[in-house]
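The values are calculated or read from the model by the stated rules, or taken from the named source; none is laboratory data. Predicted, not measured: the structure shown is a model, and the values here were computed from it. We place every Cβ from the backbone using ideal geometry, glycine too, and count neighbours over all the protein chains shown.
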Amino acid sequence: MGGLVKLAWLFLKIGVIFFGGGYVLIPLLHRIMVDQLQWLTLKEFLDGVALSQLTPGPLAMLATFTGYKAAGFPGALVGTVFIFLPCTVLMLAISSRYEKMRNMELIRTTLDGLLPAVVGLVAAAAWNLGKTSLSSGRDFLLLIAGLLILQFTKVSPMFVILGAAALGLVFHFS
């Protein structure tokens with residue numbers, strides 16, 4: 001049971017700082033889940049990040065995956081509930097006051113200050129993922145193709161991910 005409490009506490013803390021979407025948390029999640037607690041290998045972590053892109057609430061689903069790897073089904077349930085709990089409580093508290101708060105100068109300037117930091121965190125996450133997963137010319141070609149497709153077309157990211165997976169299979173068996 002102590003493992004579930006540790007899991008709940010970890011994901012509750014992560015859920016509290018879950019600003020800017022899941023991508024900003026990649027470096028933190030990697031450090032905790034792979035380096036410190038060793039609940040996941042680097043390969044499992046990268047697989048979990050990739051697979052979580054196919055689900056609603058992308059990186060939060062990594063909590064479900066990690067919880068399962070750490071403590072089975074109860075761990076998956078605890079990880080999922082506790083990563084969403086802080087934002088759910090916060091949104092319930094804020095939503096009734098949103099109309100009043102959105103016009104407050106302090107709120108607007110605070111959010112304007114957060115945006116550049118979030119962009120920096122996303123860039124750091126991309127850098128860390130690139131360092132660990134781009135090792136061949138083929139990897140860089142897939143990166144560039146995915147970037148161009150997502151930037152200049154309206155193709156769903158899900159199709160880009162599935163296409164990259166299919167190409168990975170083709171390259172593997174050829």
*Are any residues in region 35-49 surrounded by 12 or more Cβ atoms within 10 Å (Cβ to Cβ) and without any contact (Cβ under 8 Å) to a residue 60 or more places away in the chain, and if so, which ones?*
LEU37, TRP39, LEU40, THR41, GLU44, PHE45, ASP47, GLY48
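Quick check on this structure: which one of LEU92, LEU141, LEU115 is exposed (fewer than 12 other Cβ atoms within 10 Å of the Cβ), modelled with pLDDT of 85 or more and either outside the structural domain of VAL160 (by TED's automatic domain parsing) or part of a helix (DSSP H, G or I) (or both)?
Details: LEU92 fails: modelled with pLDDT of 85 or more; LEU115 fails: modelled with pLDDT of 85 or more.
Result of the check over LEU92, LEU141, LEU115: LEU141.
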*Please find, within region 144-158, the residue that is surrounded by the most Cβ atoms within 10 Å (Cβ to Cβ) out of those that are assigned to a helix (DSSP H, G or I) and at pLDDT below 90.*
PRO157
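Can you tell me which of THR109, THR132 is surrounded by fewer than 16 Cβ atoms within 10 Å (Cβ to Cβ), without any contact (Cβ under 8 Å) to a residue 24 or more places away in the chain and in a helix (DSSP H, G or I)?
On the way: THR132 fails: without any contact (Cβ under 8 Å) to a residue 24 or more places away in the chain.
Going through THR109, THR132 in turn, just one is surrounded by fewer than 16 Cβ atoms within 10 Å (Cβ to Cβ), without any contact (Cβ under 8 Å) to a residue 24 or more places away in the chain and in a helix (DSSP H, G or I): THR109.
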_Condition check: under 18 Å from the mean Cα position of the chain (by Cα), surrounded by 13 or more Cβ atoms within 10 Å (Cβ to Cβ), modelled with pLDDT of 80 or more and not in a loop (DSSP other than H, G, I, E, B). Does ILE83 satisfy that?_
yes
*Among GLY57, GLY67, which is modelled with pLDDT under 80, closer than 19 Å to PRO27 by Cα and surrounded by 12 or more Cβ atoms within 10 Å (Cβ to Cβ)?*
GLY57
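Could you list, in sequence order, all residues of region 12-52 that are among the hydrophobic types (A, V, I, L, M, F, W, C), modelled with pLDDT under 85 and farther than 28 Å from PHE159 by Cα? First the steps, then the outcome.
Our first condition is that a residue be among the hydrophobic types (A, V, I, L, M, F, W, C); within region 12-52, this holds for 12, 14, 16-19, 24-26, 28-29, 32-34, 37, 39-40, 42, 45-46, 49-51.
Now restrict to residues that are modelled with pLDDT under 85: 14, 16-19, 24-26, 28-29, 42, 45-46, 49-51.
Those that are among the hydrophobic types (A, V, I, L, M, F, W, C), modelled with pLDDT under 85 and farther than 28 Å from PHE159 by Cα: ILE14, VAL16, ILE17.
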